[in-house]
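Beneath this line is the structure, given in structure tokens, with notes to follow.
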Amino acid sequence: PHLAALVLARGGSKGIPLKNIKLLAGVPLIGWVLRAAIDAGVFHSIWVSTDHDEIEKVAKQFGAQVHRRSPEVSQDSSTSLEAITEFLNHHHEVDIVGNIQATSPCLHPSDLIKVADLIQKEGFDSVFSVVRRHQFRWSEVKKGENKMTEPQNLNPAKRYRRQDWPGELYENGSFYFAKRHLIEKGYLQGGKMAYYEMRAEHSVDIDIDIDWPIAEQRVLSFGYFGKEPLKEVKLLVCSIDGCLTNGRIYVTEDHKEMVSYDYRDIVGIDLLKKRGIQVRLISDRDCSKTLSAVQLGCVAKVSVTNKLQVLKDWQEDMGLSWKEVAYLGNEESDVECLKQSGMSGVPADACAAAQKAAGYICKSRGGCGAVREFAEHIFLLLEKVNSARKQ
């Protein structure tokens with residue numbers, strides 16, 4: 001049976017405009033679940049259903065196919081079931097739909113693999129995600145009603161300790177898998193049903209119970225970053241023009257060149273060095289005078305025609321794996337370096353090809369704090385590496 005992953009991501013949002021592609025920890029929100037779906041390796045096809053050009057562009061960058069949904073199922077009042085049904089009407093090859101919520105950025109491939117087994121090998125018609133919560137419920141008393149609240153799942157005279165109570169299962173909305181025949185009858189849950197219990201730390205729903213800064217910390221701690229485990233970064237290579245500087249060159253009347261840089265970036269480089277991370281600089285053009293004026297004390301290579309070859313030479317000379325190399329670039333000449341490096345980033349104003357190749361897109365523009373921001377991102381991921389080692 002053809003199992004398709006389907007992420008619903010319309011352009012309208014009452015809360016955060018274009019929330020589905022807003023950067024979360026340097027990655028478009030929808031990118032986190034698409035990465036998990038692709039790496040799970042259980043789907044015959046992976047789709048994003050959207051009505052917006054920018055969401056379509058990001059979806060394709062992450063390797064998904066795009067179904068352009070109609071205006072009729074793109075309204076505030078439209079239901080997920082309506083959008084899924086429309087998708088099935090256009091894709092008759094699909095037998096099972098795994099509807100994955102874009103706002104669940106801590107989803108892991110291991111969860112999706114186990115759910116696929118439940119519905120493909122064990123014969124369930126529908127499987128949905130739940131999370132275990134230890135919360136005591138009380139009946140609601142509406143304003144003006146002359147009555148007392150009542151306990152719903154506890155005895156107040158004998159309250160459970162958390163460790164003595166298994167808690168209760170709640171839908172967390174992360175995903176709903178269902179077979180075609182069930183959806184065509186108007187159900188996402190029905191037939192032979194099963195739930196899949198997700199770990200509490202992976203159950204993050206930005207729509208319901210978490211705000212953006214907290215979500216970023218949760219993703220950095222519990223998100224899925226790829227098939228290979230993270231390693232400690234030991235080398236950062238940074239493109240000079242457009243990353244360390246804003247790319248502008250000022251020419252005086254006597255033909256001297258001047259560039260500007262942000263002091264925050266210089267501090268970021270200094271902090272990286274103090275953490276034992278080597279910082280090296282690279283440029284397509286000859287900017288040796290600029291480097292001598294800034295006095296960063298970094299190894300630098302200028303007038304480079306093949307950045308990837310220089311990066312390989314440095315990596316081999318230092319005896320590093322690619323997972324230990326980070327790269328910050330912004331132009332098409334940086335694309336191959338971004339793809340090769342274990343950790344890659346670009347400023348907010350990098351070219352489209354560089355943004356597509358990068359794992360992290362800074363909020364800051366080149367020459368305006370992007371290096372410092374990428375350094376902070378490296379530090380946060382190093383904390384994740386160290387935490388994994390302790391575990």
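The values are calculated or read from the model by the stated rules, or taken from the named source; none is laboratory data. Fair warning: this is a prediction, and the values are worked out from it, not measured in the lab. FYI the Cβ positions are ideal-geometry reconstructions off the backbone, even for glycines, and counts take in every protein chain you see. Calculation scope for accessible area: heavy atoms of the full protein, side chains included, ligands and nucleic acids excluded. Shrake-Rupley method; radii C 1.70, N 1.55, O 1.52, S 1.80 Å.
Observations, loosely collected:
- Checking every residue in the stretch 317-330 against the condition of being touching a helix residue (DSSP H, G or I) at 6+ places or on another chain (Cβ under 6 Å) and in a loop (DSSP other than H, G, I, E, B) gives at least one match.
- Any pair with Cβ under 9 angstrom, 6 or more apart, that starts in the stretch 45-67 at a residue that is over 19 Å from Gly98 (Cα atoms) and ends at one that is in a helix (DSSP H, G or I) and among the β-branched types (Val, Ile, Thr): Asp51/Val73; His52/Ile21; Glu54/Ile21; Ile55/Ile21; Ile55/Ile30; Lys57/Ile21; Val58/Ile21; Val58/Ile30
- Test result for Arg199, open to solvent by 10 Å² or more (accessible area, probe 1.4 Å) and modelled with pLDDT of 95 or more: no
- Residue count, the stretch 182-207 (criterion: assigned to a helix (DSSP H, G or I) and either of a type in the set (Val, Ile, Thr) or free of Cβ contacts under 8 Å to residues at least 40 places away in the same chain (or both)): 1
- Scope the stretch 303-316; condition assigned to a helix (DSSP H, G or I) and surrounded by 11 or more Cβ atoms within 10 Å (Cβ to Cβ); matching residues: Lys307, Leu308, Gln309, Val310, Leu311, Lys312, Asp313, Trp314, Gln315
- Set Val27, Val58, Val48: member being among the aliphatic types (A, V, I, L, M), under 19 Å from Glu93 (Cα atoms) and open to solvent by less than 60 Å² (accessible area, probe 1.4 Å): Val48
- Asn146 surrounded by 12 or more Cβ atoms within 10 Å (Cβ to Cβ), assigned to a loop (DSSP other than H, G, I, E, B), at pLDDT below 90 and not β-branched (Val, Ile, Thr): no
- Residue within the stretch 118-130 that is assigned to a strand (DSSP E or B) and of a type in the set (Ser, Thr, Tyr) present: yes
- For the stretch 225-238, filtering for residues that are out of contact with any strand residue (DSSP E or B) (no Cβ under 6 Å at 6 or more places or on another chain) and open to solvent by less than 30 Å² (accessible area, probe 1.4 Å) leaves 1.
- Enumeration of residues in the stretch 164-211 that are in contact with a Leu (Cβ under 9 Å, 6 or more places away or on another chain) and among the charged types (D, E, K, R): Arg180, Glu184, Glu197
- Candidates Ile378, Ile361 - the one that is open to solvent by 20 Å² or more (accessible area, probe 1.4 Å), among the β-branched types (Val, Ile, Thr) and under 18 Å from the mean Cα position of the chain (by Cα): Ile361
- Residue in the stretch 248-278 that is surrounded by the fewest Cβ atoms within 10 Å (Cβ to Cβ), counting only those that are in contact with a strand residue (DSSP E or B) (Cβ under 8 Å, 6 or more places away or on another chain) and closer than 30 Å to Glu383 by Cα: Lys273
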